[in-house]
Amino acid sequence: MIKLVGVEKTLGGQPVLQGIDLSIPVGKLTTIIGGSGSGKSVLLKHMIGLMQPDRGEVWVGDIEISRLSGTPLNNVRKQFAMLFQGAALFDSLSVFENVAFPLREKLRMKGPEVGRRVEEKLEEVGLAGMGHKFPAELSGGMRKRAGLARALVMEPEIILFDEPTTGLDPLMAKSIHDLIVTTHRRLGFTAVMVSHEIPEIFGISDWVAMLRKGKITLMATAAEFQRTTDPEIQEFISVGGTVALPGSLVG
Amino acid sequence: MTNVIGQLGAWAVMRIQEMGRMLLFVLSAFAWLMRPPFRFHQIMKQLHFIGYRSTFVVVLTAGFTGMVLALQGYYSLRKFGSEGLLGSAVALSMIRELGPVLAALMVTARAGSAMTAEIGIMRITEQIDALDTMAINPRQYLIAPKLVAGILGVPLLVAIFDVVGIYGGSLVGVDLLGVSEGAYWNSVESAVEWKDVYGGILKSVCFGLIVSWVCCYKGFYTRQSAEGLGSATTEAVVLSSVLILVGDYVLTSVLL
């Protein structure tokens with residue numbers, strides 16, 4: 001459904017993406033991992049047209065979106081929802097109004113149906129009864145949940161997750177991961193997640209792709225990925241899953 | 001030497017590119033304004049923020065401006081035995097120049113800086129990107145209502161400014177300095193013509209557009225940092241103020 005072909009992008013004089021070839025499987029949860037500053041979020045933003053590549057193509061279905069703008073691009077975006085790193089809730093709106101926002105603005109929905117769907121989504125993400133609160137009154141984890149509710153309320157075909165658990169404590173991060181997995185299995189959307197959370201992502205992802213030096217160096221199922229013999233990838237995923245004890249030597 | 005010329009050239013090119021980007025920004029916002037859905041509720045909300053909530057500061061400024069104008073004007077006119085013309089001096093100054101310029105500057109300081117900060121924070125926290133991902137054009141949802149509110153709200157505030165300023169002038173001139181009340185209001189009525197009023201309205205419409213355009217633009221293209229937001233807010237207020245003053249001169253020379 002989403003396919004990147006030879007995508008290159010330079011930002012501030014620095015080459016970030018240097019020939020990305022990537023196909024995202026339909027209906028699966030694909031996680032993109034890589035070092036800090038490797039361009040994971042930049043790659044994600046190309047998929048929804050928030051950034052345009054300097055070279056290459058971005059396909060969503062059978063539509064090439066890299067040169068689209070305005071109404072044609074908005075028509076493609078109707079398939080998408082995105083959970084941003086900071087949730088990107090609208091500060092001046094309550095949680096209820098944030099989750100209702102796409103229903104009112106895109107579907108022009110009014111009346112009790114809006115309330116019903118919003119309350120249903122808030123309950124699914126564990127925020128029942130919190131609709132009256134404003135984003136500033138919420139913890140980081142609650143903001144992510146509200147952002148997820150807003151992403152889910154339109155029942156999109158594709159959801160992009162930009163580091164959904166960054167900045168959260170391990171328990172909260174696990175609960176967010178569980179929520180993503182549960183809703184993905186129930187609704188069957190195509191999910192693309194950017195994450196640092198190794199080794200947790202291997203337990204929740206169907207496919208894992210490694211972004212290194214501006215290219216996808218490996219894409220495989222979660223199980224196959226962990227069995228790779230590439231020494232740099234092995235070092236990356238083993239360091240991510242290792243806890244250093246006082247006085248012990250790692251590696 | 002070549003390096004200096006090169007740097008100057010690069011600076012000039014950057015400024016011209018920015019001017020072009022600003023023009024495209026406002027044109028695209030107006031283009032999206034014409035397309036449904038028409039966001040009347042957003043426009044009214046912005047009109048309340050830019051117009052109604054600036055009323056107090058505009059009234060305060062107008063009152064004291066009228067009063068000090070009357071104070072200064074009285075002693076100048078008295079030298080020529082023309083204290084009776086105080087009303088026309090205050091009214092024409094207010095309606096032609098001080099009303100549009102000072103009201104627009106007050107709106108810039110209060111509402112303009114707030115607009116830049118609001119949109120800038122939305123940019124930094126990816127709320128504008130979130131609108132894009134929901135297939136809602138940020139120019140249509142965020143920017144166009146503010147432009148309309150600026151164009152509608154500032155002239156209304158200028159009208160309030162003019163009235164309050166002229167009354168402030170009468171407070172000082174008539175009640176404090178002893179100018180005849182009849183003479184004051186007669187001179188206001190005889191001096192002020194329709195061309196003075198529509199000239200003031202035209203200026204206020206232009207200034208309203210300048211304030212909302214510049215402040216929205218600076219917020220929309222804020223750099224992703226706290227320092228970037230601070231710079232954007234400062235630049236928005238300074239640029240709006242300078243353009244109001246420059247625009248005042250240009251419009252005055254055209255209208256006269």
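Values quoted throughout were computed directly from the atomic coordinates according to the rules given, and no laboratory measurement underlies them. These figures come from a predicted structure and were not determined experimentally. Positions of Cβ are backbone-derived with ideal geometry, glycine not excepted, and every protein chain shown enters the neighbour counts.
Segment A:202-240 and segment B:101-163 have Cα centres separated by 47 Å. Output the relative contact order of chain B, whole-number percent, from Cα pairs under 8 angstrom with separation of 6+ residues. Computed value for chain B: 32 percent relative contact order. Computed from backbone phi, the HN-Hα couplings of segment A:173-186 come to 4, 4, 5, 5, 4, 4, 5, 4, 5, 4, 5, 5, 5, 6 Hz, rounded to whole numbers (Karplus: 6.51 cos²θ - 1.76 cosθ + 1.60, θ = phi - 60°; Gly and Pro given as x). Taking a straight line from the alpha carbon of residue B:195, these aspartates and glutamates sit under 17 Å away, with near neighbours fewer than eight places off in the same chain left out: B:97, B:162, B:248. Remark: segment A:87-154 is approximated by an ellipsoid whose semi-axes, taken from the C-alpha gyration tensor as √(5λ), come to 18, 12, 10 Å, largest first. The residues neighbouring residue B:203, those whose beta-carbon lies less than 14 Å from its own, together hold a net charge of -2 under the Lys/Arg +1, Asp/Glu -1 convention.
Of the trypsin sites (Lys or Arg not before Pro) found in segment B:1-105, those that fall in a DSSP loop while having at most 16 other beta-carbon atoms within 10 Å are B:79.
For segment A:41-117, the extents of the C-alpha atoms along the principal axes are 46, 26, 18 Å, listed from largest to smallest. With the helix formula -39500 (n - 2.57) applied to DSSP H stretches of n ≥ 4, chain A reaches a computed 222 nm mean residue ellipticity of -11000 deg cm²/dmol. Spread over its residues, the convex hull of the C-alpha atoms of chain A is 145 Å³ per residue.
Under 5 Å from the amide H of residue A:83 lie the amide H atoms of A:160, A:161, A:162, each residue being 5 or more positions distant or on a separate chain, with H modelled from the backbone and absent for Pro and chain starts. Here is the tail figure for segment A:138-221: Cα pairs spaced more than 18 Å apart come to 43 percent of all pairs. When B:65, A:166 are sorted by how many other C-beta atoms sit within 10 angstrom of their C-beta, beginning with the fewest, the order is A:166, B:65. Averaging the sequence gap over all C-alpha pairs within less than 8 Å and six or more residues apart, then dividing by the number of residues, gives chain A a relative contact order of 25 percent.
Each residue of segment B:54-66 was assigned a 3J(HN,Hα) from its phi angle through the Karplus expression (A = 6.51, B = -1.76, C = 1.60, θ = phi - 60°), giving 9, 4, 4, 5, 5, 4, 4, 5, 5, x, 6, 5, x Hz with x at Gly and Pro. Each Lys or Arg adds one and each Asp or Glu takes one away; over the other residues whose Cβ falls under 12 Å from the Cβ of residue A:135, this sums to +2. What percentages make up the Cα-Cα pair-distance distribution of the protein assembly as shown when the bins are 10 Å wide from 0? Calculated over all Cα pairs of the protein assembly as shown, the distribution is 4, 16, 22, 20, 15, 10, 7, 4, 2, 0, 0 percent. Across the cross-link table entries A:9/A:144; A:45/A:215; A:45/A:78; A:3/A:174; A:3/A:144; A:3/A:215, which are compared at the Cα atoms, the separations over 20 Å belong to A:9/A:144; A:3/A:174; A:3/A:144. Around the amide H of residue B:221, modelled in the peptide plane, lies no amide H under 5 Å away from a residue 5 or more places distant or on another chain. Counting only Cα atoms, I'd like the Rg/Rh figure for segment B:22-255, Kirkwood definition for Rh. Value, to two decimals: 1.08.
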